[in-house]
Amino acid sequence: MANTLGTGRVRLDMDTARADVYGPNVVVPKHFMNFTSDHIFKSNMTKQDTSPINTPMRNPPKVTSDDFALAFDIDGVLIKGGKPIPEAVDAMKYINGENPYGVKVPYIFLTNGGGKTEKERCLDLSRQLDLEVDPGQFICGHTPMREMAERYHTVLVVGGEGEKCRVVAEGYGFKDVITPGDIIKTRHDTTPFRTLTDEEHENSRLLDLDKVRIEAIFVFADSRDWAGDQQIILDCLMTKDGWLNTRSEIFTEGPPVFFSHTDVVWSTSHEHSRLGMGALRASLEAVYTAITGKDLNTIAFGKPQLGTYAFATRLLQKWRKDSCAIDKPPSTVYFIGDTPESDIRGTNEFNETTENDWFSILVKTGVYQDGTVPRYPPRKICDNVFDAVKFAIEREHRKSSKGVTVSELDYETSEEVPK
Ligand SMILES: [Mg+2]
């Protein structure tokens, strides 16, 4: 069986993964034999009983755990300022089998970022981490919005570079996608201080404003022009039932506005966190109230919204089934993130609602600053993503060792979290 782990790009396609599980030459690595009391991969081990388990092999194949899984935030955990965090590549190798237990762990990515198609984001991530990432294991902030394409026909989509978010929205199935550029092209005095570039002008579409009714507003990615985009969102919110050339007198008749996440700040190459979409949301709500005297209730996706974690659960289940032929939920999902207010809060709160264990791990390479007290305490703090995945796999190993209970482990690890 071909094993490219650690020697180049890792192909986690269905054939490879199935071969890992069912292949005729599967051999349990010798060191893994000490591990057979573990419930890790227990059911799949059964399928390998006829394998020549004592035959030495130069490159022993890996076995895939069917009992636990990993979920990663991206910015501040794996990537920072467009470059991989130093420990990220080794961390991904570790969970793909380059560890003392010879175990591979299924995983997904759950980022609040967006602004590109999932396929495009996966290509970026594959290049950055030297690892093939499949859209089937990837959720960005706006991914759950695709489930709303059936409900809304004409929508205003805000944020991101150029036409990319329009392309994303149309890819989700939205039928009539309008951008701020379309409105500015149609009426250039909409935004007194913003002029479209030649490229934006070329790509934007002329509208008949008397005939356009915005049914919903979606902020897919970070705005590149807060003043202009806020002006246009406010104009839409203050209409009668979304008809663009109308103005409400009561300011409670506008369309709903959805944000793909609520992160106020995020981690970049700058030494201090930068403003994110949550800051735009707070600003928009404040300005709406200042102008209309009414509260604006916006709706958010992304972490820490529990709906996003429920979506992640469905994606993880499908990914484990499609890529690893595992047709049962994992007992534990380790979520590794850098932002207490989104990653840790969401994981902890979702854990209260689910039967399986969502275990929060906070790393020190992003928004969270070492030495401070996280507003939402994780169950474990690690220096970086490599330490986090090592901790998760070793914890699973210890969990199944005789005499150690899960509650003892939780006590052991929670002591390291500052209160
Ligand atoms: Mg992050």
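Structural remarks
- The strands (runs of 3 or more DSSP E) found entirely in region 138-241 that carry 2 or more residues being hydrophobic (A, V, I, L, M, F, W, C) and within 22 Å of residue 111 (Cβ to Cβ) are 154-158, 216-219.
- Leading residue by the ranking (modelled with the highest pLDDT) among those in region 43-101 that are of a type in the set (Val, Ile, Thr) and surrounded by fewer than 20 Cβ atoms within 10 Å (Cβ to Cβ): 89
- Among the residues examined, residue 75 qualifies as within 16 Å of the ligand (Cβ to nearest atom) and acidic (Asp, Glu).
- Looking only at residues of region 134-152 that are under 28 Å from residue 227 (Cα atoms) and either buried (at least 22 other Cβ atoms within 10 Å of the Cβ) or of a type outside the set (A, V, I, L, M) (or both), we find that the one that is farthest from the ligand (Cβ to nearest atom) is 152.
- Some residue of region 332-344 being surrounded by fewer than 23 Cβ atoms within 10 Å (Cβ to Cβ), within 17 Å of the chain's Cα centre (by Cα) and either under 30 Å from residue 100 (Cα atoms) or not charged (D, E, K, R) (or both): yes
Let's see how each residue does on (1) within 16 Å of the ligand (Cβ to nearest atom); (2) basic (Lys, Arg):
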residue: 80; (1), (2): yes, yes
residue: 108; (1), (2): yes, no
residue: 120; (1), (2): no, no
residue: 132; (1), (2): no, no
residue: 154; (1), (2): no, no
residue: 159; (1), (2): no, no
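- Within region 332-346, the set of residues being touching a residue at least 60 places away in the same chain (Cβ under 8 Å) and within 16 Å of the ligand (Cβ to nearest atom) comprises 334, 335, 336, 337, 338, 339, 341, 342, 343.
- Any hit, region 89-102, residues being within 16 Å of the ligand (Cβ to nearest atom) and under 30 Å from residue 183 (Cβ atoms): no
- Given (1) at negative phi; (2) touching a residue at least 24 places away in the same chain (Cβ under 8 Å), number of the condition residue 115 does not satisfy: (1)
The values are calculated or read from the model by the stated rules, or taken from the named source; none is laboratory data. This one's a predicted model, so the numbers in the text were calculated from it and none came from an experiment. Positions of Cβ are backbone-derived with ideal geometry, glycine not excepted, and every protein chain shown enters the neighbour counts.
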